[in-house]
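**Student:** Sharing a structure here in structure tokens format.
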Amino acid sequence: MKYVDEYRDRKMAEKLAAEIRRTVTKPWAIMEVCGGQTHSIVKYGIDYLLPTEVELVHGPGCPVCVTPLQMIDRAHAIARQPHVIFCSFGDMLRVPGSTGDLFQVKAAGADVRIVYSPLDCLKIAAANPSKQVVFFAIGFETTAPANAMAVWQARQQGIRNFSVLVSHVLVPPAIAGILDSPDNRVQAFLGPGHVCAVMGYREYEPIAARYSTPIVITGFEPLDLLEGTLMAVRQLEQRRAEVENQYGRAVNPDGNTDAQRMIRRVFEVCDRGWRGIGLIPLSGYRLNDEFGDYDAERVFDLAPINSPEPSACISGQVLKGLKKPHDCPAFGKECTPQSPFGATMVSAEGACAAYYNYGRHLVALSSPAGRS
Ligand code: SF4
């Protein structure tokens, strides 16, 4: 397949791994930010190819995983209301709230539907004028343009029975939050290729400079990840701390300025809670006042919901790169994709699900992924 197979070439992968081995002289911990990158690393065994000095730790870049439990419970409370059609991407339906998941809410009689685009909701709203159609708008900067477009289109088309429950999060404040944490051990980042395709990478430059931390914007295929790791190791060994772009075939410094304009038109930056991490200032989007009528939090006057995280789940430490999934006593035992405790076991991009799906619960803790 053109444009994919080229980035999975075994010989090139071995060459890059050999170059990393030649370059490294001391231990380094490098965080891949995106859940998609984590999945590729585990699926293709990239971490097994690396020398023992280079540890890849998994970051918070899985949007389903970092959506707070409280927000999931809010979604369930809205979906249970009789006049509501609640729409979401499929992976949110299995994420456990305090009392079950959206599939169970649906089984109890709620009208919960899977959509493939937020724009699908506008058609549903037009076809069901007596219902309030709510879309669960989660994700990083990557999904924000389409969600903003749906709200903007709803206003353009005069659709009033549509709203969005927004839980958007932003990558740069999360990277800064990890670096500010007193227990941080991350020394370089493989930056989020898909987010930077939308946003560019200029906003990462002050972070790299302020924290003296290399950030290499990196793609998702095995050769992308190995090359990004090599670029990060070179910077660390040479005591450089710059933003470099490994993913030049998709990312330019300024990103997609049309998409950014659409985001700015509809959303504004706000403080946002991250599941397992807590509140990070200025780390999310919410609808601005001009589009407030489309905000499900205003349409539905819900009582405050306080949802404590299950104590057995250490996904917060997994999301900050402090622990690996198999450091969790429940991993692969009480907690599996069939009966997940936490969102990192549910989401297709979650680190716990990746470790489980690719058999890491069957390997000894002395594996590369077991280093910590
Ligand atoms: S294995 Fe399950 S319980 Fe443990 S951190 Fe992952 S999601 Fe949470």
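The values are calculated or read from the model by the stated rules, or taken from the named source; none is laboratory data. If you're wondering where the values come from, they're calculated on a predicted model, not measured in any experiment. Heads up, the Cβs are rebuilt from the backbone with ideal geometry, glycines too, and the neighbour counts pull from every protein chain shown.
**Student:** Output the residues belonging to the stretch 206-228 that are within 20 Å of the chain's Cα centre (by Cα) and under 14 Å from Ile30 (Cα atoms).
**Tutor:** Hits for the stretch 206-228 are Ile215, Val216, Ile217, Thr218, Leu225, Gly228.
**Student:** Residue check, Asp183 against (1) in contact with a Leu (Cβ under 7 Å, 6 or more places away or on another chain); (2) under 16 Å from Asp293 (Cα atoms), all met but one. Which one?
**Tutor:** Just one mismatch for Asp183, condition (2).
**Student:** Take the stretch 141-187 and flag every residue that is under 25 Å from Gly59 (Cα atoms) and β-branched (Val, Ile, Thr).
**Tutor:** Thr142, Thr143, Val166, Val169, Val171, Ile175, Ile178, Val186, listed by residue number.
**Student:** Leu279 passes all but one of (1) at pLDDT 95 or above; (2) in a strand (DSSP E or B); which number fails?
**Tutor:** It is condition (1) that Leu279 fails.
**Student:** On to the next question. Answer yes or no as to whether Pro325 is at pLDDT 90 or above, under 25 Å from Trp28 (Cα atoms) and not hydrophobic (A, V, I, L, M, F, W, C).
**Tutor:** Yes; evaluated as a whole, the condition is true for this residue.
**Student:** Working only within the stretch 24-45, note down all residues that are basic (Lys, Arg) and under 22 Å from Tyr358 (Cα atoms).
**Tutor:** Passing the criteria: only Lys43.
**Student:** Now for a separate question. When the stretch 320-329 is examined, which residues are found to be within 9 Å of the ligand (Cβ to nearest atom) and touching a helix residue (DSSP H, G or I) at 6+ places or on another chain (Cβ under 9 Å)?
**Tutor:** The initial filter retains those residues of the stretch 320-329 that are within 9 Å of the ligand (Cβ to nearest atom), namely 323, 325-329.
Once the filter is applied, which keeps residues that are within 9 Å of the ligand (Cβ to nearest atom) and touching a helix residue (DSSP H, G or I) at 6+ places or on another chain (Cβ under 9 Å), the stretch 320-329 yields Lys323, Pro325, His326, Asp327, Cys328.
**Student:** Checking the structure you have, find out if any residue of the stretch 206-223 is within 21 Å of Arg286 (Cβ to Cβ), touching a helix residue (DSSP H, G or I) at 6+ places or on another chain (Cβ under 6 Å) and not in a strand (DSSP E or B).
**Tutor:** No.
**Student:** Considering every residue within the stretch 331-344, establish whether at least one is within 30 Å of Arg80 (Cβ to Cβ), within 15 Å of the chain's Cα centre (by Cα) and either at pLDDT below 80 or more than 9 Å from the ligand (Cβ to nearest atom) (or both).
**Tutor:** Yes, the stretch 331-344 contains a residue that is within 30 Å of Arg80 (Cβ to Cβ), within 15 Å of the chain's Cα centre (by Cα) and either at pLDDT below 80 or more than 9 Å from the ligand (Cβ to nearest atom) (or both).
**Student:** Can you find even one residue in the stretch 131-141 that is in contact (Cβ under 8 Å) with a residue 60 or more places away in the chain and part of a helix (DSSP H, G or I)?
**Tutor:** no
**Student:** Just checking, which of Glu242, Glu268 is of a type in the set (Asp, Glu), away from the ligand (no atom under 16 Å from the Cβ), in contact with a helix residue (DSSP H, G or I) (Cβ under 9 Å, 6 or more places away or on another chain) and over 25 Å from Met71 (Cα atoms)?
**Tutor:** Values: Glu268 fails: over 25 Å from Met71 (Cα atoms).
None of the other options fit; the residue is Glu242.
**Student:** Would you confirm, using the coordinates I've provided, whether Val299 is buried (at least 18 other Cβ atoms within 10 Å of the Cβ), near the ligand (Cβ under 9 Å from one of its atoms) and among the β-branched types (Val, Ile, Thr)?
**Tutor:** no
**Student:** Exactly one of (1) closer than 23 Å to Tyr294 by Cβ; (2) crowded, with 18+ Cβ neighbours inside 10 Å is unmet by Gly61. Its number?
**Tutor:** Answer for Gly61: the failing condition is (1).
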